[in-house]
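S.K.: Quick one: the structure is below, and I'll ask about it shortly.
The values are calculated or read from the model by the stated rules, or taken from the named source; none is laboratory data. Remember, predicted model here, so these are calculated numbers, not experimental data. Backbone-built Cβ (ideal geometry, glycine too); neighbour counts: all protein chains shown. Just so you know, the surface numbers come from the protein's heavy atoms only, side chains and all, with ligands and any DNA or RNA stripped out. Shrake-Rupley method; radii C 1.70, N 1.55, O 1.52, S 1.80 Å.
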Amino acid sequence: MTFLPQRALPGLLPLLCAAFLQQVAGQPAPQAGMRIVDYIAELRAAGINVIYSDELVTDAMRAEAPPQGDGPLDRLRSMLAPHGLELRPGPRGSWLVARVPEPPPSPQPAPRAAPAPRPEIESIIVTASRYAFARSTAPSTQRLDRAQLESLPSLGDDALRAANDLPGVSTSGLSARFNVRGGETNETLFLLDGVRLYDPFHLKDFQSLFSSISPRILDSVEMRTGGYPAEFGDRMSAVVEMQTSRPSEARHHEVSVSLLSSSFLTSGRFDDDRGEWLASVRRGHLDLLADAADSDIGQPQYTDFFAKTSYALGSGWNVTGGILLLDDKLSLRDAPFTVAGADYDDGYYWLRFDHEPGAGIAATYLVSHGRIEARRAGAIDDPSLSLGALRDERSFDVDVLKADWSHELSARNLIRWGVELEDLAARYDVDLAAVFPAPIEFAGDRRERTAADVDLDLSGRQAAGYVAWRTRPLERLTAELGLRWDRQSYLDDEQVSPRAHLLFDFGERSSLRASWGRFYQSQGLEELQAADGAVQFFRPQEAEHLVLGFETLLGASLALRVEAYRKEFEHLRPRFENLYARVSLLPELLPDRVRIDPLRGEATGLEVTLDGEAGAWEWWASVARADVRDVLPGGRFRRSWDESWSAKAGATWTGARWTVSMAANAHDGWPVTALALEDGTLVAGELNALRFDDFASVDVRAARRSVRERVALSWFVEVTNVFGRQNPCCVDYTVGFDELGRPVSLDTELDEWLPTVPSIGFLLEF
């Protein structure tokens with residue numbers, strides 16, 4: 001078989017991509033007389049975790065004057081200052097409200113002053129009733145803040161790989177892509193500051209080794225693994241929202257170099273802090289590693305660039321412009337039979353207006369353009385396996401107009417609504433032909449050859465609208481009802497998606513969430529599987545989510561979360577898989593490529609998560625049971641990424657200069673299909689009836705930071721799969737032929753996922 005050589009995986013990377021910051025949309029500007037606890041509740045609802053004591057911030061405290069400052073935290077500081085209070089950075093990306101320390105006494109001629117005691121935050125942290133209403137009612141929402149993104153071990157400093165530590169997320173360990181609660185990898189909606197990203201990965205057709213977003217530019221990553229609100233649509237398994245951070249200094253620059261990546265980042269403020277910018281660039285080092293190792297695998301390389309600038313126009317208006325550019329070039333070889341090359345260019349450009357006119361009203365308007373170009377070609381010349389060649393060129397353009405509004409009708413009622421229009425165009429130019437000397441019989445079919453000749457120019461439009469009403473009919477009960485409408489002109493189809501969420505608080509320490517909804521996923525204009533000969537569009541897929549979750553605080557710093565879910569999939573479109581060569585350079589040219597046509601699918605699961613803090617330690621652990629199956633004409637069969645059990649755990653220790661973290665992941669092996677030689681014919685057994693051996697991996701990272709005036713230097717050491725466990729992923733098989741060209745022998749060998757991959761690097765900030 002033909003696999004992506006694993007010796008290419010640990011590499012060097014210079015030039016990281018970047019992002020720029022923007023204020024959280026939909027955040028109302030506080031007015032004179034507004035209660036401080038109410039504004040803190042708004043910040044918490046927007047994902048800014050402000051912690052306070054009811055002894056410090058009482059219900060009677062109000063803004064004495066219109067708060068000053070461009071950002072939400074600056075406004076809060078302005079509200080707190082007249083009361084002798086201030087904001088301080090807290091643990092895990094939080095902010096603490098504390099008293100302003102008394103000015104030090106005049107210096108006395110003492111030999112040496114004793115160190116001042118560390119100021120304490122007054123004891124009781126409260127959850128205001130207003131916050132109970134403002135926070136999200138939807139379950140299955142988990143957030144990683146900036147500190148976690150930077151400290152967690154992740155191959156190649158990858159923001160999306162950090163999400164692999166969350167329950168319900170399945171991954172091979174090699175690819176940055178993931179499956180969420182049984183869904184396919186293409187069922188996740190990716191948003192960067194509200195802009196949809198299509199397939200935001202580098203080396204897309206070659207296992208998507210890295211995502212295109214650096215953790216250095218992000219303030220948070222929020223993942224919704226099910227039951228999400230009506231404003232999110234057209235993907236039916238998960239939503240990943242990435243928010244870029246905003247500059248905290250007038251000027252800030254970073255240079256990062258590691259074995260796997262190098263980058264430059266710059267950010268700052270201008271015009272009396274009315275304007276902000278952030279920009280970053282990154283370059284992959286896999287090609288440099290291949291040269292250094294004198295390898296003949298080829299020259300895989302990638303770069304990305306991100307920039308954004310924001311300006312406060314006044315009268316509640318803020319404008320943001322952004323750009324994201326991705327460029328990949330690959331030239332790979334698996335000697336002596338296979339050569340493959342690819343060139344990918346992605347570009348996103350957007351302009352966003354945020355408006356906060358007051359009276360509980362907020363609006364966001366977005367105009368964006370995206371263009372994705374992909375060119376791929378390769379050939380296999382293996383007389384015992386495949387003789388074929390492929391050329392695949394395609395492009396996709398999307399123009400978007402989007403508007404979202406929210407209006408707080410009262411202290412117990414909030415309404416959100418929005419509309420979206422998309423103009424789409426796609427171009428396909430595909431040629432493929434291959435013959436298989438030893439075809440595989442699967443489900444009664446023998447695929448002896450394959451061919452495709454596609455030349456298409458397509459265009460169409462998508463439209464969507466939604467409305468959601470959140471209300472609190474009882475003091476402890478909050479409900480949200482939502483309705484979404486989607487239409488695709490090129491499918492001549494439309495869908496209506498009702499959704500409902502309930503949140504019941506058992507007090508200040510425990511809550512119960514329930515969610516039900518329908519979620520549709522249309523086949524995008526760019527998603528034709530042309531190289532597999534499937535050039536028709538299928539009706540939108542449908543998933544029904546039912547989620548029940550319970551959360552409770554077991555102590556001052558220990559939280560328990562239990563969540564059960566059921567997903568039922570309908571109208572699933574065909575998908576193509578390679579039964580054995582799961583890390584193939586040219587999967588369409590291999591004889592183990594099969595078409596799977598599910599009648600429907602189902603996924604059920606139970607997830608239990610514990611996380612806590614103890615001094616300098618922060619830790620988490622989760623276990624999950626799941627069952628993911630497709631219903632085919634012959635019965636119910638496991639999906640290829642099914643994990644019937646999984647366990648994940650990790651810990652981070654943060655000292656004055658050192659940060660040490662560990663992440664462990666274990667699950668039963670992914671399903672596999674048996675292969676046998678019967679009467680001169682290769683025959684695949686029952687689909688996914690067997691399993692590989694259990695998967696287990698432990699990753700570690702240690703970083704040290706030192707600060708000298710305005711310069712900070714950090715260095716780190718990271719090891720992926722530190723114990724070198726050989727986790728099987730694939731089946732490599734060899735066929736022997738007699739003098740008449742008939743198969744007479746079959747030898748199989750297991751291939752593995754990632755070996756031990758070390759990395760070392762430094763970060764200079766100035």
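S.K.: Going by the structure shown, is T659 open to solvent by 30 Å² or more (accessible area, probe 1.4 Å) and hydroxyl-bearing (S, T, Y)? Walk me through how you get there before you give the answer.
M.R.: Working: open to solvent by 30 Å² or more (accessible area, probe 1.4 Å): yes; hydroxyl-bearing (S, T, Y): yes.
Yes, satisfied.
S.K.: Kindly provide the set of residues from region 550-569 that are open to solvent by 60 Å² or more (accessible area, probe 1.4 Å) and aliphatic (A, V, I, L, M), ordered by number.
M.R.: L553, L554, A556
S.K.: Applying the selection to region 474-515, what residues are free of Cβ contacts under 8 Å to residues at least 40 places away in the same chain, more than 22 Å from H545 (Cβ to Cβ) and assigned to a strand (DSSP E or B)?
M.R.: Residue satisfying the conditions is L474 alone.
S.K.: Got a number for residues in region 611-645 being farther than 30 Å from A674 by Cα and crowded, with 19+ Cβ neighbours inside 10 Å?
M.R.: Here is the first cut: in region 611-645, the ones farther than 30 Å from A674 by Cα are 611-622.
Still in the running and crowded, with 19+ Cβ neighbours inside 10 Å: 618, 620, 622.
Total satisfying the criteria: 3.
S.K.: Picking from L366, L385, which residue would you name as being of a type in the set (A, V, I, L, M, F, W, C) and more than 26 Å from the chain's Cα centre (by Cα)? Quick ask: steps written out before the conclusion?
M.R.: Details: L366 fails: more than 26 Å from the chain's Cα centre (by Cα).
It is L385.
S.K.: When you scan region 574-684 for strands (runs of 3 or more DSSP E) that lie fully inside it, which ones turn up with 3 or more residues that are hydroxyl-bearing (S, T, Y)?
M.R.: Details: elements: 575-578, 593-596, 600-614, 617-632, 635-638, 645-654, 658-667, 675-678, 681-684.
Counting at least 3 such residues, we get 645-654.
S.K.: On to the next question. R75: among the basic types (K, R), at pLDDT 60 or above and outside any helix (DSSP H, G or I), yes or no? Please lay out each step first, then the result.
M.R.: On the way: among the basic types (K, R): yes; at pLDDT 60 or above: yes; outside any helix (DSSP H, G or I): no.
Answer is no for this residue.
S.K.: Pull out all pairs, ordered by first then second residue, where Cβ-Cβ is under 8 Å, the residues are six or more apart or on different chains, the first lies in region 735-749 and is outside any strand (DSSP E or B), and the second is surrounded by 10 or more Cβ atoms within 10 Å (Cβ to Cβ).
M.R.: Taking only residues 6 or more apart or on different chains, the pairs are D738/V744; G741/P437; R742/G680.
S.K.: Sticking with this structure for a sec: For region 677-696, which residues satisfy the criterion of being of a type outside the set (D, E) and open to solvent by 40 Å² or more (accessible area, probe 1.4 Å)? Before you say what the answer is, go through the steps one by one.
M.R.: So in region 677-696, the residues of a type outside the set (D, E) come out as 677, 680-685, 687-692, 695-696.
The answer is L677, A689, L690, R691.
S.K.: Give L414, L409 a once-over and let me know the one that is open to solvent by 30 Å² or more (accessible area, probe 1.4 Å), in contact with an Asp or Glu (Cβ under 8 Å, 6 or more places away or on another chain) and not hydroxyl-bearing (S, T, Y).
M.R.: Details: L409 fails: in contact with an Asp or Glu (Cβ under 8 Å, 6 or more places away or on another chain).
Result: L414 is the single residue among L414, L409 that is open to solvent by 30 Å² or more (accessible area, probe 1.4 Å), in contact with an Asp or Glu (Cβ under 8 Å, 6 or more places away or on another chain) and not hydroxyl-bearing (S, T, Y).
S.K.: Of the residues that sit in region 418-446 and are at pLDDT below 95 and of a type in the set (G, A, S), which one is farthest from E475 (Cα to Cα)?
M.R.: Of everything passing the filter in region 418-446, A438 is farthest from E475 (Cα to Cα).
S.K.: Hey, another quick one. T673 versus (1) hydroxyl-bearing (S, T, Y); (2) at pLDDT below 95; (3) open to solvent by less than 30 Å² (accessible area, probe 1.4 Å): which is the lone unmet condition?
M.R.: That leaves (2) as the condition not met.
S.K.: Looking at (1) surrounded by 20 or more Cβ atoms within 10 Å (Cβ to Cβ); (2) over 26 Å from the mean Cα position of the chain (by Cα), which is the one condition that is false for D699?
M.R.: (2)
S.K.: Could you please find all residues in region 705-722 being assigned to a strand (DSSP E or B) and either open to solvent by less than 70 Å² (accessible area, probe 1.4 Å) or under 23 Å from L174 (Cα atoms) (or both)?
M.R.: The initial filter retains those residues of region 705-722 that are assigned to a strand (DSSP E or B), namely 705-708, 711-720.
S706, V711, A712, S714, F716, V717, E718, V719, T720, listed by residue number.
S.K.: Counting only residues that are more than 30 Å from T171 (Cα to Cα) and of a type in the set (D, E, K, R), which one in region 723-753 is farthest from the chain's Cα centre (by Cα)?
M.R.: Among them, the one singled out is E739.
S.K.: With I415, I372 as the choices, which residue is part of a strand (DSSP E or B), more than 30 Å from L474 (Cβ to Cβ) and of a type in the set (V, I, T)?
M.R.: Working: I415 fails: more than 30 Å from L474 (Cβ to Cβ).
The match here is I372.
S.K.: Tell me, yes or no, whether region 435-444 has at least one residue that is in a strand (DSSP E or B), of a type outside the set (F, W, Y) and touching a residue at least 60 places away in the same chain (Cβ under 8 Å).
M.R.: The first filter runs over region 435-444 and keeps only residues in a strand (DSSP E or B), leaving 435, 440-442.
Right, trim to of a type outside the set (F, W, Y) and you get 435, 440-441.
Next, from what is left, pick out any that are touching a residue at least 60 places away in the same chain (Cβ under 8 Å): 440-441.
Within region 435-444, one or more residues are in a strand (DSSP E or B), of a type outside the set (F, W, Y) and touching a residue at least 60 places away in the same chain (Cβ under 8 Å).
S.K.: Next question, about the same structure. Cβ-Cβ under 9 Å, sequence separation 6+ or interchain: first residue in region 619-645 and more than 24 Å from A663 (Cα to Cα), partner open to solvent by less than 20 Å² (accessible area, probe 1.4 Å) and among the hydroxyl-bearing types (S, T, Y). Which pairs?
M.R.: V628/S170; S640/T673
S.K.: Looking at region 473-491, which of the residues that are at pLDDT 95 or above and of a type in the set (D, E, K, R) is surrounded by the most Cβ atoms within 10 Å (Cβ to Cβ)?
M.R.: Taking the candidates together, the pick is R484.
S.K.: I would also like to ask the following. Restricting the first residue to region 380-398 and requiring it to be closer than 18 Å to G524 by Cβ, which pairs with a second residue that is of a type in the set (V, I, T) meet a Cβ separation below 7 Å and a spacing of at least six or different chains?
M.R.: Final answer for the pair search is D392/V430; S395/I372; F396/I372.
Yes/no per residue for (1) polar (S, T, N, Q); (2) under 30 Å from R518 (Cβ atoms); (3) modelled with pLDDT of 95 or more:
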site	(1), (2), (3)
R216	no, no, no
P229	no, yes, yes
L260	no, no, no
L265	no, no, yes
D273	no, no, no
H285	no, no, no
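S.K.: I'm trying to understand the selection: among the residues of region 253-272, which are open to solvent by less than 30 Å² (accessible area, probe 1.4 Å) and either in a strand (DSSP E or B) or closer than 12 Å to E765 by Cα (or both)?
M.R.: Filtering region 253-272 down to residues open to solvent by less than 30 Å² (accessible area, probe 1.4 Å) leaves 254, 256, 258, 260-263, 265-268.
If the condition is that a residue be open to solvent by less than 30 Å² (accessible area, probe 1.4 Å) and either in a strand (DSSP E or B) or closer than 12 Å to E765 by Cα (or both), then E254, S256, S258, S261, S262, S263, L265, T266, S267, G268 are the ones that fit.
S.K.: Turning to a different aspect of this structure: Filter region 521-573 down to residues that are in a strand (DSSP E or B) and of a type outside the set (D, E, K, R), then give me how many there are. Show your work before the answer.
M.R.: Just the residues of region 521-573 that are in a strand (DSSP E or B), to begin with: 521, 529, 534, 541-555, 558-570.
Next, only the ones that are of a type outside the set (D, E, K, R) stay: 521, 529, 534, 541, 543, 545-550, 552-555, 558-560, 562, 564-565, 569.
Residues flagged as in a strand (DSSP E or B) and of a type outside the set (D, E, K, R) within region 521-573 amount to 22.
S.K.: Separate question: Determine the pairs where a residue that is under 19 Å from G173 (Cα atoms), located within region 573-595, has a partner that is assigned to a strand (DSSP E or B) and of a type in the set (D, E, K, R) with Cβ atoms under 6 Å apart, the partner being 6 or more residues away or on another chain.
M.R.: N578/R593
S.K.: Restricting attention to region 155-171, and to residues there that are among the small types (G, A, S) and open to solvent by less than 10 Å² (accessible area, probe 1.4 Å), which single residue is farthest from the chain's Cα centre (by Cα)?
M.R.: We begin by selecting, within region 155-171, every residue among the small types (G, A, S); these are 156, 159, 162-163, 168, 170.
Applying the additional criterion that residues be open to solvent by less than 10 Å² (accessible area, probe 1.4 Å) yields 156, 159, 162-163.
Working: G156: 15, A159: 7, A162: 8, A163: 6 Å.
That would be G156.
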